[in-house]
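Take a look at the structure set out below.
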Amino acid sequence: MMHAEQTPMEAATPLLQVQGIRKLYAPGKGVDGVDFDLYPGEILGIVGESGSGKTTLLGCLSGSLIPDQGRVFYRNRDDRKLDLYNISESDRRVLLRTEWGVVHQHARDGLRMSVSAGANIGERLMAVGGRHYGQLREAGENWLREVEIDPVRINDTPRTFSGGMQQRLQIARNLVTGPRLIFMDEPTGGLDVSVQARLLDLLRNLVMDLGLAVVLVTHDLAVARLLSHRLMVMKQGKVVEHGLTDQVLDDPRHPYTQLLVSSVLGN
Amino acid sequence: MSAMIRVDNLCKGFTLHNQGGVSYQVLDQVSFTVGRGECVVLDGPSGSGKSTLLRSLYANYKPESGRIWVRHKNSEVDLVSALPRDVIDVRKHTIGYVSQFLRVIPRVSTLEVVMEPARRLGISREESLARAQDLLRRLNIPERLWSLAPSTFSGGEQQRVNIARGFVVDYPVLLLDEPTASLDAGNREVVVDLIRSARDSGSAIVGIFHDADVRNRVADRAIALGARKMHSIAEEIQS
């Protein structure tokens with residue numbers, strides 16, 4: 001009956017260590033002291049209403065916003081612990097092109113709208129030294145298939161794609177270099193409900209199959225419940241509650257979390 | 001610890017901050033153990049904390065104090081203080097939970113819903129599929145429904161899909177919340193068989209069963225909730 005290997009739970013090393021991040025635009029506006037560790041394969045959801053600081057936090061974590069205080073450590077593929085804001089800007093950019101991915105809420109912020117779908121996907125491969133045209137094209141076609149875009153569209157520009165397709169292309173563009181950590185900001189925001197369902201289904205499977213670690217910012221508790229293992233609830237720059245996703249949503253303890261959860265229809 | 005589950009002075013209450021700060025204590029110093037091959041039923045009137053206790057055993061609810069020790073991979077984990085990723089590991093390998101209602105995810109077929117716990121454990125697609133099909137057949141879910149998402153199924157059908165999902169992996173610990181509530185007599189039989197097989201192969205089972213007949217046929221003893229202090233009544237239930 002006991003079929004699985006009996007390996008004890010190993011003390012894994014965190015992929016990301018976030019310490020004392022602070023970036024305030026005004027009292028209560030921005031990020032006001034956030035700490036957490038993220039392990040490989042973990043999906044962390046950050047939820048809160050507009051103005052909670054969650055997008056600012058994501059910016060500080062992914063290298064696009066320099067925090068006023070605090071540090072972000074990332075353990076890279078060579079097992080080196082990088083202090084994100086102590087390495088050079090160009091080293092940060094390499095990280096973003098190779099081991100990290102960023103999926104923006106608006107696909108146009110994460111795609112090159114005037115080059116072909118194939119080029120969008122191939123660009124990151126070329127940036128890390130891919131040169132062989134045939135291989136780049138094949139990778140492009142494979143990834144389009146992975147994200148359920150007909151490979152026949154490989155030469156079309158994203159301008160000709162629907163919103164959902166643009167988002168899926170953005171995802172493919174990020175995944176092509178085999179990143180270990182993805183930052184996502186409202187990945188289904190602004191999409192029709194049926195389109196959202198399809199995208200969430202894709203994300204769910206990809207993340208599970210590829211063992212990706214994800215930091216996912218969303219205001220949508222249903223998205224958070226579906227995709228994330230852990231949840232952090234933010235209000236006015238602070239984390240008011242955090243824990244296992246279903247526990248935070250089914251047994252909320254902080255007054256704000258209780259309010260959020262009870263305000264959602266059909267949660 | 002030879003027991004599979006050891007609950008130690010568990011206290012769980014709720015404070016509804018947005019409803020006048022009303023607060024109530026549901027579990028007060030609850031302690032008990034469950035061994036391998038035992039099926040324990042939670043007894044008590046509605047509102048006495050049976051579901052609260054069951055959810056706490058899955059770490060879905062978080063108690064204020066006390067411990068829930070679970071035997072996991074030859075060691076013990078306290079679910080009350082465990083990190084989220086450790087709870088997830090325990091849920092993946094050790095504890096299965098059949099809730100009262102199936103949570104439906106759009107676009108995921110019945111077969112995939114049932115297969116998922118096995119796939120996550122690394123069991124091959126072929127093996128997972130075979131187990132899922134076998135369970136769905138036993139639970140009388142017609143084959144023509146297998147490729148459909150369960151969202152349009154009846155309550156009873158959804159519950160049977162939920163049950164299949166709970167039994168696709170041989171969990172050392174099984175938590176069952178009213179598994180036969182929406183089922184007819186024939187399907188209740190199937191579920192009783194599934195529970196007894198699991199118990200006979202050594203699973204430790206904690207369940208809530210309103211149906212007295214089902215309860216009498218699967219449970220070894222009962223734990224009664226409802227008074228301020230927990231009572232543990234070791235009832236020899238005749239099968």
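Laboratory data are not the source of any read-out in this text; all were calculated from the coordinates shown. Predicted, not measured: the structure shown is a model, and the values here were computed from it. With ideal geometry, Cβ positions are generated from the backbone for all residues, glycine too; neighbour counts draw on all protein chains shown.
Please report how many Lys pairs in chain A have alpha carbons closer than 15 angstrom, counting only residues at least 8 apart along the chain or sitting on separate chains.
Pairs that pass both the separation and distance tests number 8.
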Starting from the Cα gyration tensor of the range A:34-109, multiply each eigenvalue by 5, take the square root, and state the resulting semi-axes largest first in whole Å. 21, 15, 14
Show me, for the range B:213-223, the HN-Hα J-couplings you get by feeding each phi into the Karplus relation (A = 6.51, B = -1.76, C = 1.60, θ = phi - 60°), rounded to Hz, glycine and proline as x. 5, 4, 4, 5, 8, 10, 8, 8, 7, 10, 10
Kindly express, to the nearest 10 degrees and within the range 0 to 90, the angle between helix A:193-210's C-alpha long axis and the longest C-alpha principal axis of chain A. 90 degrees
For chain A, give the magnitude of the charge dipole about the Cα centre (Cβ charges: +1 Lys/Arg, -1 Asp/Glu; no others), in debye to the nearest 20. 740 debye
Sorting B:Cys39, B:Cys11 on the 10 Å Cβ count, fewest up front, what's the list? B:Cys11, B:Cys39
Quick one: P(r) of chain B from all Cα-Cα pairs, 10 Å bins, percents rounded to integers, in order of increasing distance. 8, 31, 36, 21, 5, 0
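Using the 10 angstrom Cβ neighbour count as an exposure proxy, how do A:Tyr85, B:Tyr58, A:Tyr133 rank, fewest first?
Ordered by Cβ neighbours within 10 Å, fewest first: A:Tyr133, A:Tyr85, B:Tyr58.
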Chain A, helix-only ellipticity at 222 nm - DSSP H runs n ≥ 4, -39,500 (n - 2.57), divided by all residues, nearest 500: -10500 deg cm²/dmol
About its Cα centre, the range A:113-178 carries a charge dipole, from +1 on Lys and Arg Cβ atoms and -1 on Asp and Glu Cβ atoms, whose size in debye to the nearest 20 is 160 debye
Please arrange A:Lys23, A:Lys81 by how many other C-beta atoms lie within 10 Å of their C-beta, fewest to most. A:Lys81, A:Lys23
For helix A:133-146, what angle does its Cα long axis make with the longest principal axis of chain A, in degrees from 0 to 90 and rounded to 10? 50 degrees
Select from B:Val113, A:Leu203, B:Leu54 the residue farthest towards the positive end of the dipole of the protein assembly as shown; place +1 on Cβ of Lys and Arg, -1 on Cβ of Asp and Glu, and compute about the Cα centre. A:Leu203
Over the range A:134-230, with a single point scatterer placed on each C-alpha, what log10 of the ratio I(q)/I(0) does the Debye formula yield at q = 0.14 1/Å? -0.52
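About its Cα centre, what dipole magnitude does the protein assembly as shown give when the only charges are +1 on Lys and Arg Cβ and -1 on Asp and Glu Cβ, stated in debye to the nearest 20?
Result for the protein assembly as shown is approximately 880 debye, rounded to the nearest 20.
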With θ set to phi - 60°, apply the Karplus curve 6.51 cos²θ - 1.76 cosθ + 1.60 along the range B:170-182 and write out the HN-Hα couplings as whole Hz, x wherever there is a Gly or Pro. 7, 6, x, 10, 10, 10, 10, 9, 6, x, 10, 3, 9
Lys pairs in chain B with Cα under 26 Å (8 or more apart in sequence, or on separate chains) total 11
